[in-house]
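First the structure, in the form of C-alpha cells, and then the observations on it.
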Amino acid sequence: MIIGVEWCWGPVVTLGRIFLLLLELLMLMGCVVVLTALTGAFGDRGDAVSVAGRAASYEDLLGAAAAVAADLAGWGPVPAFAVTATASLETVAAVVGGLLAGVPCVPVPPDAGPVERDHILRDSGARLLEVDFARRAPAPGPLPSAAAEDPALILYTSGTTGVPKGVVLSRAAIVADLDALAGAWEWGPQDVLVHGLPLFHVHGLVLGVLGALRTGSRLLHTGRPTPEAYAAAAAAGGSLFFGVPTVWSRIAAAPEAATALAGARLLVSGSAALPTPVFRDLERSTGHRVVERYGMTETLITISGRAGGQVAPGTVGTALDGIATRLVTEAGAEIGELQVKGPTLFSGYLGRPDATAAAYTEDGWFRTGDIAAVDGEGVHRIVGRASTDMIKSGGYRIGAGEVENALLDHPQVREAAVVGVPDADLGERIVAFVVAEAVSGGELTDFVAARLSVHKRPREVRFIEAVPRNAMGKPQKRLLLEGEERRRT
C-alpha cells in the first residue's frame, strides 16, 4: 500500500511526536510513503520548504495540509478538488492535503483564461478550494488510506491537438519516478533543490515539490526563475538546480549569475531541448555539463543523464531503472517514433477511454509521438515531434531538431525552429524560421549543408523576431505552420 501520510491526533500529542509514532507504525506495516520527509525521517528543519521568500518547516506544512484534508473530508465524497496553482506555500499545502485525504488534486494554471479554467473544472468535476496556509486543522479522526493505484494528481495537457485532456497520475507512478530519479541524480537529504518553475506541470510540481518531500532535500523555490534569483540561491547553498531551456539561456547570457552556479552539484534541464550553444556557454561559465532528461505528462520522466556520467549536448541520456524504450522505424531509417513502457506511466485520460486506448500499441507500449535516435550505448537523442518535426523531403526522413542544432551553431543565430511545408516536388521542403542578425538566408543554408547531409539543408530561411513558445519554453511550431498556410492562401 502506498499512502500520503495517515494519522489520528490525540488531545495532547504534538506534531513532532506524531512524526515518530507514524514512522514506527509505517515501518511495522511495511508501507511505502509518498512524502517520506513528512514522517520525520529527515528531521524537521525550519526552512525545509521555501517558496517565493516564505519558509516553512515540515511540521508547518503538515499542519496546513491537515487543514486542507479536513476541508476535503467535510465536503463528503468528491472525485477531485482543484487549486489555483500559484507559486506559493498554499499550493504545496493543497497538494499534500489531497494526498493526506486520498482526494486527487487538479492544479489549475493561475494564468488560465476563463474558457480553459471552466473546461478543466467541468471536465474533472473538481471543486475549487481556497487555502490559508496559516490555518491549522482541529484534531481529526483517522484519515483514509489510499491504494498504490489510486489517483494522486490530474494534470491537464496543453491541448495542442484539441481541448486539454486530464492525465491521471497514480501514487505508485509518482513514487516509481521519483525514486528512479533520486538514483540517477544521486538526489537526497544532503541537497538543496532550487527552481522557479510553475507548480502546475510535472517539472515544477511532481519533481520540484513532491521530489523534495520524498528525498528529504530542502526546497528553495525562487518565485520567478531569474538569473539573479538562481545566483542568490546558489549563494544560499543550492546544490541541485532545475530549469527549462529559456531559464538556462537567460542564465548563460548573464555571466555573473552563471559563474555563481559553479559551486552547485548538478544542473538539470527539461521540458524542451536545450540548445547546444546554451549547453556550451554554461559549461564554460559554470564548469557543469547540464544533465537533460526526457518525459511527458503521461509518462513522467523516463530517460535521463546521470550525475557523474558522460553527458553530451543534444542527448537526454539512458532509460531510467524500470523503464523500457524502443524505436519504431521504417526500413533503413536511423530515427523513429519513441515508445516506452514502465511503472511511471499514467493511469489514463480522465473520462476518455478511447483516447487512452489509442495512446498505446496493441502490445502495450505507450506512443510518445516523439521522434528519437538511440546509439549503441542506449543514449537517446530526441529529434522532435512526429506531427511537426519529422520531415519527409525528397524521399528522406529528416528530424527538424538536427537541423535546428546545426543552425544554432552559427554565432549569429539566437533561435531557430524548423518545419516541413507541403511541396509539389519534394513532398515537403525544409523551412527554417530564425532569429538572427547580420547573416543572410543563403549563408545559413550553406552553413547547414557544410555540417549535415546536403538534403538536410533548409530550402527557405525566414527571419522572425522570436520563436513562439509556451509557458515551459517549448516552441509552438503549429503557429508557424498556420502562418505558412495563411501565406500560401
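The values are calculated or read from the model by the stated rules, or taken from the named source; none is laboratory data. Predicted, not measured: the structure shown is a model, and the values here were computed from it. Don't worry about glycine lacking a Cβ; one is built from the backbone with ideal geometry, like all the others, and counts go over all protein chains shown. Heads up: the accessible areas ignore ligands, DNA and RNA and are worked out on the full protein's heavy atoms, side chains in. Shrake-Rupley method; radii C 1.70, N 1.55, O 1.52, S 1.80 Å.
At-a-glance table
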read-out: V108 among the hydrophobic types (A, V, I, L, M, F, W, C) and within 23 Å of the chain's Cα centre (by Cα); value: yes
read-out: Some residue of the stretch 166-176 being surrounded by fewer than 21 Cβ atoms within 10 Å (Cβ to Cβ) and farther than 12 Å from T297 by Cα; value: yes
read-out: Residue in the stretch 400-419 that is farther than 20 Å from V278 by Cα, in contact with a Phe, Trp or Tyr (Cβ under 8 Å, 6 or more places away or on another chain) and open to solvent by less than 40 Å² (accessible area, probe 1.4 Å) present; value: yes
read-out: The stretch 117-131, residues that are of a type in the set (V, I, T) and within 18 Å of A67 (Cα to Cα); value: V131
read-out: In the stretch 130-146, residue modelled with the highest pLDDT [restricted to those that are open to solvent by 50 Å² or more (accessible area, probe 1.4 Å) and more than 21 Å from T91 (Cα to Cα)]; value: S145
read-out: Selection from the stretch 97-129 of residues that are in contact with a Gly (Cβ under 7 Å, 6 or more places away or on another chain) and modelled with pLDDT of 95 or more; value: P104, C105, D123, S124
read-out: Among the residues listed as V95, V68, the single one being outside any loop (DSSP other than H, G, I, E, B), in contact with a strand residue (DSSP E or B) (Cβ under 6 Å, 6 or more places away or on another chain) and open to solvent by less than 10 Å² (accessible area, probe 1.4 Å); value: V95
read-out: Matching option when the condition is of a type outside the set (G, A, S), at pLDDT below 90 and open to solvent by 10 Å² or more (accessible area, probe 1.4 Å), among T84, T36; value: T36
read-out: Count - residues of the stretch 310-361 that are of a type in the set (S, T, N, Q), open to solvent by less than 60 Å² (accessible area, probe 1.4 Å) and within 23 Å of the chain's Cα centre (by Cα); value: 6
read-out: In the stretch 435-478, the residues that are crowded, with 18+ Cβ neighbours inside 10 Å and closer than 17 Å to P411 by Cα; value: A436, L444, T445, F447, V448, V461
read-out: Scan of the stretch 233-256 for residues that are part of a helix (DSSP H, G or I) and under 22 Å from the mean Cα position of the chain (by Cα), ordered by number; value: A233, A234, P245, T246, V247, W248, S249, R250, I251, A252
